[in-house]
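Here's the structure we're looking at; comments come further down.
Since every read-out is calculated from the coordinates, none of them should be taken as a lab result. Just so it is clear, the model here is predicted, and its values are computed rather than measured. Cβ sites come from the backbone with ideal geometry, for glycine too, and all protein chains shown count toward neighbours.
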Amino acid sequence: MPPAALHGFCDPRFERVREVFDESFARDLETGASVAVAVDGRVVVDLWGGFADAARTRPWQRDTLVNLYSTTKGLTALCAHLLVERGALDLEAPVARYWPEFAQAGKQQVRVRHLLCHQAGLAGLRRDLTVEDLYDWETTTAALAAETPWWEPGSAHGYHALTFGHLVGEVVRRIDGRSLGAFFRDEVARPLGADLHIGLAAEHDARVAELIPPPADPALQQLLASNPGSLLARALANPPADPRVTATRAWRGAEIPAANGHGHARSIARVYAALACGGSLDGVTLCRPETLERASSVAAAGPDQVLQMSMSWGLGYVVNAGKDIYGPNPRSYGHTGFGGSFGFADPDARVAVGYAMSRMAATLVNEPRGTALIGALYASL
């Protein structure tokens, strides 16, 4: 069955982006997806196409949402930086200043910045969790407060794949009183008019696309099964990660600020457009350029204890720093989600990009579909 035609808008200058997006459908690399680009805050690409289900019976619509996995982390980090902007959160302060129970198990000196740049040593929990535990905010945050770090906090970094959102989110909640999802809705999504949700209301379920899991990785599965107590297994498979759970109401309705944001490319690009333009967009000011400069400067770099690859982390963001993940400019920063979605800001070119899809890839970074779109964008500038 041929893919549905592409819909939306593309400035003629960026026709190559449309062509690359169309090629992914023609080569059957996509089932349904959306891509959006803003330059100087102006939308120059807003395209979508394909189908919202694996059976290809529901066309992908302009407002189709999809689970974004770790693309959510960049949105979560922004909430923390808004509190920094307002003087309510000190990045150098011990986490326990805001969350006293966190001081357990030798964590008295863990700083807020360590949470944001994956240096806290809490990439995984030794205690077995169920997915239902992940849905229960108090259960997961209590387990994190009681956990002993896997390494001396601040001495190394390791990707906090599932724990990042609860760690940062609990600090936000302790300071502000609102949950991370409510804070993001009130302070970022609604002011910008961005159709993004961390904790999705049931009224939106009909708009959500079905995620199609990536091909199984037998080597990784064997590694996790043979070393269930390892940091890798605790970080990536506790609780077990199965994309099919994202189709449940329980997953969608919970607040999992590391992994269950829902949105589309246009909404992702709109948030990052504000960041690419120094913190303001269309009369809405989120923060000052200095706040974003601090957030996007490299805070931890080198071998990642979980991912086993070299990473450059800002305070909640993946930073290009010469790796060309998000285009050629070293100051570009953003976040990518399991399967391929991403959002980023390039403050030098004042460019923002969002991409969201239903068919998941196994590649963690530099996934070919996204890389091709980014290449076409920069070739058009």
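Per-residue Karplus couplings for segment 347-360, computed as 6.51 cos²θ - 1.76 cosθ + 1.60 with θ equal to phi - 60°, are listed in order as x, 6, 8, 6, 10, 9, 9, x, 9, 9, 8, 9, 7, 7 Hz, Gly and Pro entered as x. As a length-normalised measure over Cα pairs under 8 Å and 6 or more apart, the relative contact order of the chain settles at 25 percent. Could you tell me what % of all Cα pairs in segment 210-255 have separations over 13 Å? Percentage above 13 Å: 64. Please grab the % of Cα pairs in segment 172-331 that end up more than 26 Å from each other. Value for segment 172-331: 44 percent of Cα pairs lie more than 26 Å apart. The Cα center of segment 253-285 and the Cα center of segment 122-170 differ in position by 24 Å.
Karplus-based coupling profile of segment 180-190, in residue order and whole Hz: 4, x, 5, 4, 4, 4, 6, 9, 10, 5, 5, with θ = phi - 60° in 6.51 cos²θ - 1.76 cosθ + 1.60 and x standing for Gly or Pro. Dipole orientation for the chain: of the candidates Leu91, Val44, Cys10, Leu91 has the Cα lying most toward the positive pole (charges on Cβ; Lys, Arg +1; Asp, Glu -1). By the count of other C-beta atoms within 10 Å, a proxy for reagent exposure, Ile374, Ile212, Ile325, Ile198 are ordered fewest to most as Ile212, Ile325, Ile374, Ile198.
Database remark: amide H of Ile212 closer than 5 angstrom to the amide H of Arg359, Met360 (H placed geometrically; neighbours at sequence offset of 5 or more, or on other chains; Pro and chain starts carry no H). About the centre of its Cα atoms, the chain shows a dipole size close to 200 debye [charges on the beta carbon of Lys, Arg (+1) and Asp, Glu (-1) only; nearest 20 debye]. When Leu89, Leu134, Leu192 are arranged by Cβ crowding within 10 Å, least crowded first, meaning fewest neighbours, the order is Leu192, Leu89, Leu134. Charges on Cβ only, +1 for Lys and Arg, -1 for Asp and Glu, centred on the Cα centroid of the chain; of Gly253, Cys277, Tyr326, which one is farthest towards the dipole's positive end? Selected residue: Cys277.
The value of relative contact order for segment 99-190, using C-alpha pairs under 8 Å at least six residues apart, is 35 percent. With a Förster radius of 22 Å, plug the Cβ-Cβ distance of Glu23 and Ala219 into 1/(1 + (r/R0)^6) and report the FRET value to the nearest 0.05. About 0.15, to the nearest 0.05. Going from the fewest other Cβ atoms within 10 Å to the most, the residues His204, His160 appear in the order His204, His160. Residues whose amide H comes within less than 5 Å of that of Val44, counting only those at least five positions distant or on another chain, are Val37, Ala38, Val39 (H built at 1.01 Å from N in the peptide plane). For segment 1-61, the equivalent ellipsoid derived from the Cα gyration tensor has semi-axes of 23, 12, 8 Å, listed largest first. In this structure the amide hydrogen of Val284, modeled in the peptide plane, comes within under 5 Å of no amide hydrogen from residues 5 or more places off or on another chain.
Once the cut-off is 26 Å, how many percent of the Cα-Cα pairs in segment 9-136 end up in the long-distance tail? When every Cα pair of segment 9-136 is considered, 50 percent fall beyond 26 Å. Residue separation of Asp40 and His7 scaled by 0.36 nm, minus their Cα-Cα distance, works out to 9.6 nm of gained length. Secondary structure note: in the chain, about 95% of the DSSP beta bridges are antiparallel.
In terms of Cα atoms, the Rg and Dmax of segment 284-381 work out to 13.5, 39 Å.
Computed from phi, the 3J(HN,Hα) profile of segment 46-51 under the Karplus parametrisation 6.51, -1.76, 1.60 (θ = phi - 60°) reads 8, 10, 8, x, x, 10 Hz, with x in place of Gly and Pro.
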